[in-house]
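Worksheet: the structure to be examined is printed underneath.
The values are calculated or read from the model by the stated rules, or taken from the named source; none is laboratory data. Since the model is a prediction, treat every value here as computed from it, not as a measurement. Here the Cβ positions follow ideal geometry from the backbone for every residue, glycine too, while neighbour counts run over all protein chains shown.
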Amino acid sequence: MCVTEVSPSPAPDDSGFATRVRSALAWRWGSQVLAQAITWASTIAVFRLLEPSDYGLFAMTQAVLAALAFLNGYSFATSLIQADDVSERRIGQVFGMLIVANTGIALAQVALAPSVAAYYSEPQVAEMLRIQAVIFLTTPFIALPSALLARRIEFRSQGLVNLLSALVGASVALILAFKGFGVWALVYAPIAMAGARALGLTISARMLVKPIFNFRGAGDIVTFGGALTLCQLFWILQSQSDIFIAGRTFSTHDLGIYSESLFLALVLTGRFLPPVNEVAFPAYAELHKKERPLAPYFIKTVRTVMLVTAPLYIGLSLTAGPAILTIGGEKWAEMVPIIAGLALAMPFFAMQIVCSPATNAIGRPGIYLTTSIAGAMIFPLAFYFGIAGGPMGLVHAWWIAAPALLCVTLALTLPVIDVDPRDLLAELGPIALGCASMAAVVYWASVWVADMAPPLQLLLLVPLGGIVYGSVLWFVWPRILRESWAMLRPGKHDEAQSATALAPAE
């Protein structure tokens, strides 16, 4: 496991803070983009080789893994990021907590496997769950070095490890799918990916930490980590309730169609926003320790996230037909209305996700807990009533639940970090107008290209949408594009420029 020597982590100095954050974001988010490109190349090939029923079976096991993962102790490692001082003993205690928690989870999953298989009436699920329990044994070797590197806002090595693990996972999935292993290609790829990431982070962090199983004096770790663990529990109830409810009602085919549609719709929120939050949390925490206001950074963060995610999701909704037919072929055509509908709810979901780092960083995890409880109530209730309408009924549930949870989150978050809702709306207004303009033009153009081959439709509609969206912002609100570019461009930045430079990191 990792460092030649572990000593208390010094707080970063003030010099070059914005530059460090920008560099961290570039490595963490940039590496995620490259890793996702590798994964996508493999996913598209595997997507064509496997059947919807394979993805349905896999979704059943993922619901169980996610349901147990809230106990994996990541939140205890996260507490090291927020803490003012970190000693060698505290690091050892966190490592001990991670080992105890994840060993217990792995054993619990093995024991529960037969009952879960009986619940879904799918015997193969039991064997899949027993093998997937190995993933939890890698968690201590991922969570601890990740947290200590994040505390110092150092993401270069993590980015390189992510690229390596993505390559390993993609290769395993593609080879097994090509060899005819079916659903097992989906089972073994994440295991290989987790093993590669654990090994890579252990080596790159260069930390040799001895686990300590005496947890006396670790009350603050347990308190902070426990609050985030509860948040994870409620997040699981929110995010997995659709699969859990649908698993006993839908056929494996229909469940595979819905779960894969949801996977594709969540690519941005599930793959690209977490890296932003990982950089945002330590950055917000450092700002809070310096007693600097978070409001300007938060507003620019939300604007930056929506500047990218909103047009992509609106565009996905408009081009779902040619996109799915190009990627998966006719056997996945049933996904088209589902993914088109889910994409409309995702901008609300994306905006909600980026709120929690700000309140967690100022030591107010109770707000995140409250919004998590709200999500755990709103989403399952919506899915419970929506299930009668089949896969599209779940889509309609998303249309209600995602905006409702965003309203609750903003109502609790904005007052605490002193953000005026009118200031936030003023920054988001141009983006909404740009998306509306893009949608009108692309919808009109799609009628004229409807008889063309799907790949050609995409080749025409995607650039057209991008040109319209970018033109509206450039000619009406060029400031937004200039500031966004200034956030990412390299160069020297004085303290007065730090607010702009920091924004994308949050």
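Quick check on region 375-418: of everything there that is of a type in the set (Val, Ile, Thr) and in contact with a Pro (Cβ under 9 Å, 6 or more places away or on another chain), which residue is farthest from residue 287 (Cα to Cα)?
395
Just a yes or no: is a residue in region 340-349 out of contact with any helix residue (DSSP H, G or I) (no Cβ under 6 Å at 6 or more places or on another chain) and at negative phi?
No, region 340-349 contains no residue that is out of contact with any helix residue (DSSP H, G or I) (no Cβ under 6 Å at 6 or more places or on another chain) and at negative phi.
Residue check, residue 401 against (1) touching a residue at least 12 places away in the same chain (Cβ under 8 Å); (2) farther than 30 Å from residue 293 by Cβ; (3) surrounded by fewer than 20 Cβ atoms within 10 Å (Cβ to Cβ), all met but one. Which one?
(3)
From the list 388, 401, pick out the single residue that is in a helix (DSSP H, G or I) and within 18 Å of residue 269 (Cβ to Cβ).
On the way: 388 fails: within 18 Å of residue 269 (Cβ to Cβ).
Every option except 401 fails the conditions.
Could you list, in sequence order, all residues of region 363-410 that are at positive phi and among the charged types (D, E, K, R)? Let's see the steps before the verdict.
First pass over region 363-410, keeping only residues at positive phi: 363, 390.
Passing the criteria: none in range.
Grab the helices (runs of 4 or more DSSP H) fully contained in region 1-112, keeping just those with 1 or more residues being more than 23 Å from the chain's Cα centre (by Cα) and at pLDDT below 75.
Answer list for region 1-112: 17-49.
Looking at region 424-449, I want the residues that are touching a residue at least 12 places away in the same chain (Cβ under 8 Å) and have a partner that is aromatic (Phe, Trp, Tyr) and in a helix (DSSP H, G or I) with Cβ atoms under 6 Å, at least 6 apart or on another chain. Which pairs are those?
434/469; 438/469
So which helices (runs of 4 or more DSSP H) stay within region 122-203 end to end and still have 2 or more residues that are assigned by TED's automatic domain parsing to the domain that holds residue 71 and closer than 25 Å to residue 278 by Cβ?
Values: elements: 124-132, 134-138, 140-151, 156-178.
It comes to 134-138, 140-151, 156-178.
Of the conditions (1) crowded, with 17+ Cβ neighbours inside 10 Å; (2) closer than 25 Å to residue 316 by Cα; (3) at pLDDT 50 or above, residue 459 satisfies every one except a single condition; which number is it?
It is condition (1) that residue 459 fails.
Select from region 411-423 the residues that are in contact (Cβ under 8 Å) with a residue 24 or more places away in the chain, surrounded by 13 or more Cβ atoms within 10 Å (Cβ to Cβ) and part of a loop (DSSP other than H, G, I, E, B) and list them in ascending order.
Passing the criteria: 416, 417, 419.
Identify, from the list 347, 380, 322, 337, the residue that is of a type outside the set (A, V, I, L, M), farther than 13 Å from residue 238 by Cβ and surrounded by fewer than 22 Cβ atoms within 10 Å (Cβ to Cβ).
337
Using the structure shown, decide if residue 366 is in the same structural domain as residue 459 (by TED's automatic domain parsing) and surrounded by fewer than 17 Cβ atoms within 10 Å (Cβ to Cβ).
So residue 366 fits the description; yes.
I need the full set of residues from region 243-274 which are among the aliphatic types (A, V, I, L, M), outside any loop (DSSP other than H, G, I, E, B), at pLDDT 80 or above and closer than 23 Å to residue 314 by Cα, in order please. Break it down stepwise before answering.
From region 243-274, those among the aliphatic types (A, V, I, L, M) are 243, 245-246, 255, 257, 262, 264-268, 273; that's our starting set.
With the extra rule that they be outside any loop (DSSP other than H, G, I, E, B), the set shrinks to 243, 245-246, 255, 257, 262, 264-265, 267-268, 273.
Remaining after also requiring at pLDDT 80 or above: 243, 245-246, 255, 257, 262, 264-265.
257, 262, 264, 265 - these are the residues of region 243-274 that are among the aliphatic types (A, V, I, L, M), outside any loop (DSSP other than H, G, I, E, B), at pLDDT 80 or above and closer than 23 Å to residue 314 by Cα.
One line per residue, one yes/no per condition, for (1) closer than 30 Å to residue 45 by Cα; (2) of a type in the set (S, T, N, Q):
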{"site": "102", "(1), (2)": "no, yes"}
{"site": "106", "(1), (2)": "no, no"}
{"site": "115", "(1), (2)": "no, yes"}
{"site": "121", "(1), (2)": "yes, yes"}
{"site": "139", "(1), (2)": "yes, yes"}
{"site": "160", "(1), (2)": "yes, no"}
{"site": "176", "(1), (2)": "yes, no"}
{"site": "194", "(1), (2)": "yes, no"}
